[in-house]
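Undergrad: One structure, pasted below without further comment.
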Amino acid sequence: MRRAAVAIAAGAMAVSLAACGSAEEAGGEKEPTGSAAAKGDDIKIGLLLPENQTARYEKFDRPLIEKKIKELTNNKATIEYNNAKQDANLQAQQVDTMITNKVDVLILDAVDAKAIKNSVQKAVDNGIKVVAYDRLAEGPISAYTSFDNVQVGKTQGEALLKELGDKAKDGQIVMMNGSVTDPNAKQFKEGAHSVLDGKVKIGKEYDTKEWKPENANANMEAAISALGKNNIVGVYSANDGMAGGIITALKAAGIKAPVTGQDAELAAVQRIVAGEQFMSVYKPYAPEAEAAAQMAVALAKGEDLSSIAKDKVSSESAKDVPSVLVDVTSLTQENISDTVIKDGVYTADEICTAKYKAACAKLGIK
């Protein structure tokens, strides 16, 4: 298995992330106005995650981040947590609460990367540095960690084309992208199009509101109605949750076609075992979560990030933000044992329930 590693391909970053604004606008360039720099292990870190529709946030991201913060601070740090449940207005209120509670640093995974800009500025104005987590929030952030999102889209597109083979020349695919409020979705789409365009006809394409499986399901039903069930040879789905909704629509129409995904959710891994979903993108959350914790603790203590963050990423409002980008792996039937099981994300027993036991046995998963 190709182990997760911090991606340091500056060329790929240059393609996917536009740099503008002055160096002074980057959160990493600005010292806090509060007392965070003088603190030791007794620090207070806020953690705001965007939603609970996707299983990863409560199952992996939160516990991994909290565990690492505790380890780095000899169990002395206080962690304030909240989930916005896909509500951008609620998340803005949660930032205000973090300011009131006087956290030293805020780890923020934005519901809406642009809408959160004023809240980020307000936090910084109150001496709170902000670490953008998974999604590149606008505003004067001090650090950022995520995956190489353009590469994620490329990985999905390449896997789909390989599976389609000669069918790519004759049929059409449907593209089910993520939410327009998520900057990552734009980059996944960019990466996928860079691979798919000119190689296969895209019959229908959708930006799926709030990443919700039920919205993807409705979009897929509309695509089937418009294109005809005999003309769809594959579906690009930006994540696993939507893939579930898409596959439900395909089954109802009697269509068998490869569907991509992302996040390696347990339900998706089981669908891959059963042959219902072709692939997912395995994003090892531990390196991403640990990087966020390391940067947050370092910022709270007034330490330099150069030993942690080897990359620089820019947004429309912050330039050269110290960043950690984590590599990804295409997850298929062939490498389930060498990825999510080997890394301890799931056990074979969790994947191979009674419904999937026979399929697991065929694949040698045990």
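Undergrad: Using amide H atoms built 1.01 Å from N in the peptide plane, name the residues 5+ places from Lys312, or on other chains, whose amide H lies under 5 Å from its own.
TA: Distant-sequence amide H within range of Lys312: Ser323.
Undergrad: How far, in nm, would the chain grow between Asp125 and Asp96 when pulled straight, counting 0.36 nm per residue and subtracting the alpha carbon separation? Working shown, then result.
TA: Numbers: separation 29, 0.36 × 29 = 10.44 nm, distance 1.19 nm.
Taking Asp125 through Asp96 to full extension adds about 9.2 nm, to one decimal.
Undergrad: Right, next: Would you calculate a helix-derived [θ] at 222 nm for the chain, using -39,500 (n - 2.57) for each DSSP H run of n ≥ 4 and dividing by the full residue count, to the nearest 500? Can you show the working numbers first?
TA: Details: 13 runs with 139 residues, N = 366.
Computed mean residue ellipticity for the chain: -11500 deg cm²/dmol.
Undergrad: Determine the per residue accessible area of the chain with all protein chains present and a 1.4 angstrom probe, expressed in square angstrom. Could you put the intermediate results ahead of the total?
TA: Numbers: 15150 Å² over 366 residues.
Value returned for the chain: 41 Å² of accessible area per residue.
Undergrad: Something else about it: Could you grab the Rg to Rh ratio for segment 40-138? Cα atoms only, Kirkwood for Rh.
TA: Working: Rg = 12.7 Å, Rh = 13.4 Å.
Rounded to two decimals, Rg/Rh equals 0.95.
Undergrad: Would you mind listing how long the chain runs along its three principal axes, going by Cα atoms, in whole Å with the largest first?
TA: 64, 42, 36
Undergrad: With all protein chains present, how much of the accessible area of segment 257-365 (probe radius 1.4 Å) comes from carbon and sulfur, to the nearest whole percent?
TA: Working: 1840 of 3870 Å².
About 48 percent, which is the carbon plus sulfur part of the accessible surface.
Undergrad: What whole-number distance in Å separates the alpha-carbon centres of segment 168-216 and segment 56-77?
TA: One Cα centre to the other: 33 Å.
Undergrad: Still on this structure, please answer the following. To the nearest 0.05, what FRET efficiency results for Ala253 and Glu334 with a Förster distance of 25 Å applied to their C-beta separation?
TA: Details: r = 28 Å, r/R0 = 1.12.
Efficiency at R0 = 25 Å is approximately 0.35.
Undergrad: Please state the relative contact order of the chain as a whole percent: Cα pairs under 8 Å, 6+ residues apart?
TA: Values: 825 pairs, mean separation 83.7, N = 366.
Reported as a whole number, the value is 23 percent.
Undergrad: Would you mind checking Lys68/Lys102; Lys68/Lys209; Lys67/Lys319 for any pair whose Cα atoms are more than 23 angstrom apart? Kindly include the intermediate steps, with their values, before the conclusion.
TA: Working: Lys68/Lys102 21 Å; Lys68/Lys209 33 Å; Lys67/Lys319 30 Å.
From Lys68/Lys102; Lys68/Lys209; Lys67/Lys319, over 23 Å: Lys68/Lys209; Lys67/Lys319.
The values are calculated or read from the model by the stated rules, or taken from the named source; none is laboratory data. Quick caveat, the model's predicted, so the values are computed rather than measured. Cβ atoms come from the backbone with ideal geometry, glycine included; neighbour counts cover every protein chain shown. Only protein heavy atoms, including side chains, enter the accessible area calculation; ligands, DNA and RNA are left aside. Shrake-Rupley method; radii C 1.70, N 1.55, O 1.52, S 1.80 Å.
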